[in-house]
There are 2 protein chains.
Amino acid sequence: MAQGPGGNGQHGETLLFLTDEQLRKGIEAMFFAYKGFTSDPDRILEERGYGRAHHRAIHFIHRSHGTTVNNLLAILGVTKQSLNRVLRTLIEDELVESRVGTRDKRERHLFLTDKGLVLERELSDAQQARVRDAFRSAGPGAVAGFRTVLEAMMDPEMRRRYQRLTENSR
Amino acid sequence: MAQGPGGNGQHGETLLFLTDEQLRKGIEAMFFAYKGFTSDPDRILEERGYGRAHHRAIHFIHRSHGTTVNNLLAILGVTKQSLNRVLRTLIEDELVESRVGTRDKRERHLFLTDKGLVLERELSDAQQARVRDAFRSAGPGAVAGFRTVLEAMMDPEMRRRYQRLTENSR
DNA sequence: TAGCAATGTCAACAAGGCTGACATAAAACG
DNA sequence: CGTTTTATGTCAGCCTTGTTGACATTGCTA
């Protein structure tokens, strides 16, 4: 089924993986997979009264120690008001530390505290466990394909940010 | 970089694609790609005063003509109150029709109206265009890997639903 | 007939997006 | 030096979309 003639030829070729049915499967796979992707951290966060937004902030602060608020805003793609609400609770709860910049004193540099690192580990372990299992069962070739497709799916601006992040892996 | 000894061996093997760094890349790729994945439909929906929840309902009603409310609830994984709010506006706006079941009169079967089909096409075209471009540039092998990894990332229950959906493609 | 299932609805609440407006401090510029 | 821009924070209010709990209706089923 869904293996019919396809009829989605381009330049005369028959590209079975580009039929409407295949695209729909890909779209639905993204929907269902993203749910699984976030489900484990979501459970942990809920126990502590945090949400997905807190996770994202924690993740990227961990990823880029000492990043500025502005940089984080650009990565997350939300408004400063949204981010600030989240950041304020994380700072109050002493998971994140905000240090005034030395070169430019207008900037605030963000760091995870020891307490913040503990939660980051916990969230990261849960999410990585699932991704690791998925990667392992799928195999290296599939993982490469997975990454290639995802990268091609990003907006150019996002792809730039993504690649910049993965380049200078600390 | 990140091509070091890896040190994440399992059973003595060196599984480079399972290093923490590789997992982190995969996780961040999901984050950025999902944003791109939803961005085009989101723009269209906003123009019409709808949200992502409306899109999901429209998508799965189109996908499974005549599905019941209960079935839709199971697929979407939200509460009936959440779904009902969305469904009500779609029915009021005459994008969706709700017909009392013939066999079981308690059930409501959901259908897209002509007007609903128009919006579905528009949303679907926008989303498929991006996915198609990504698939095309990545190639069939990458697409297969993409799907394999996503499927492995789903919760078992979601995977069951996903597979059931793709089986009986109408 | 009693009980369960499918649906709808009301109320209230929370997270996390958004906009707009305003304040402050520091850098940058002319 | 004075002006403007930048980085950040904050207040207020709005929207969508998720949640829980309670309750009503209808109709299937044992």
Review point. Cα to Cα, under 20 Å, and not fewer than 8 places away if on the same chain: which aspartates and glutamates meet these conditions relative to B:Lys25?
Key: A:Asp40, A:Asp42, A:Glu120, A:Glu122, A:Asp125, A:Asp133, A:Glu151, A:Asp155, A:Glu157, A:Glu167, B:Glu151
**Study point:** Range of Cα positions in region A:10-69 per principal axis (Å), largest first
**Key:** 54, 28, 13
Point to revise | HN-Hα J in Hz across region A:112-128 - Karplus 6.51, -1.76, 1.60, θ = phi - 60°, x for Gly and Pro | key: 7, 7, 4, 4, x, 5, 5, 5, 4, 4, 5, 5, 5, 4, 5, 6, 5
Check your understanding: Per-residue HN-Hα couplings for region A:57-70, Karplus 6.51 cos²θ - 1.76 cosθ + 1.60 at θ = phi - 60°, whole Hz, x for Gly and Pro?
Key -> 4, 4, 4, 7, 5, 5, 5, 10, 3, x, 4, 8, 4, 4
**Study point:** Vicinal HN-Hα couplings computed from phi for region B:18-24 (Karplus, 6.51 cos²θ - 1.76 cosθ + 1.60; Hz; Gly/Pro x)
**Key:** 10, 5, 3, 5, 5, 5, 4
Review point. Top to bottom by accessible area (1.4 Å), largest first, where do A:Ser137, A:Ser124, B:Ser82 land?
Key: A:Ser137, B:Ser82, A:Ser124
Review point. Non-local amide H neighbours of A:Asp155 (under 5 Å, H modeled in plane, Pro and chain starts lacking H): which ones?
Key: B:Gly36
Practice item. Please calculate the 1.4 Å probe accessible area of A:Arg147, with all protein chains present, and give it to the nearest 10 Å². Key: 40
Study note, to complete from the structure: Rg from C-alpha atoms of the protein assembly as shown, normalised by the globular rule of thumb 2.2 N^0.38 Å, equals 1.07
Practice item. With N denoting the number of residues in region B:36-129, provide Rg(C-alpha) divided by 2.2 N^0.38 Å, to two decimal places. Key: 1.05
Exercise for review: List every residue whose amide H lies under 5 Å from the amide H of A:Leu15, counting only residues 5 or more places away in sequence or on a different chain, with H placed 1.01 Å from N in the peptide plane.
Suggested key: A:Asn8, A:Gly9, A:Gln10
Review point. What are the aspartates and glutamates whose alpha-carbon lies under 17 Å from the alpha-carbon of B:Lys80, with same-chain residues fewer than 8 places away excluded?
Key: B:Glu107
Study note, to complete from the structure: Among A:Thr148, A:Thr14, A:Thr102, the residue with the largest mean-square fluctuation in a Gaussian network model of chain A built from Cα contacts under 10 Å is A:Thr14
Review point. Given springs between every Cα pair under 10 Å in a Gaussian network model of chain B, which of B:Gln22, B:Gln81, B:Gln127 has the largest fluctuation?
Key: B:Gln22
Practice item. Quick one: which residues, 5 or more positions from A:Thr67 or on another chain, have an amide H under 5 Å from its amide H? H modelled 1.01 Å from N in the peptide plane, none for Pro or chain starts. Key: A:Leu110
Review point. Measuring from centroid to centroid over Cα atoms, what is the spacing of region A:86-135 and region A:18-68 in Å?
Key: 16
Review point. Taking a ≥ b ≥ c as the square roots of the eigenvalues of the Cα gyration tensor of region B:79-119, is the shape rounded (a/c under 1.5), prolate (a/b larger than b/c) or oblate?
Key: oblate
Exercise for review: Based on alpha-carbon positions alone, could you give the equivalent ellipsoid semi-axes of chain A from the gyration tensor, as √(5λ), descending, whole Å?
Suggested key: 37, 19, 14
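The values are calculated or read from the model by the stated rules, or taken from the named source; none is laboratory data. Because the structure is predicted, anything quoted here is derived from the model rather than measured. We work out accessible area using only protein heavy atoms, side chains counted, and drop any ligands, DNA or RNA first. Shrake-Rupley method; radii C 1.70, N 1.55, O 1.52, S 1.80 Å.
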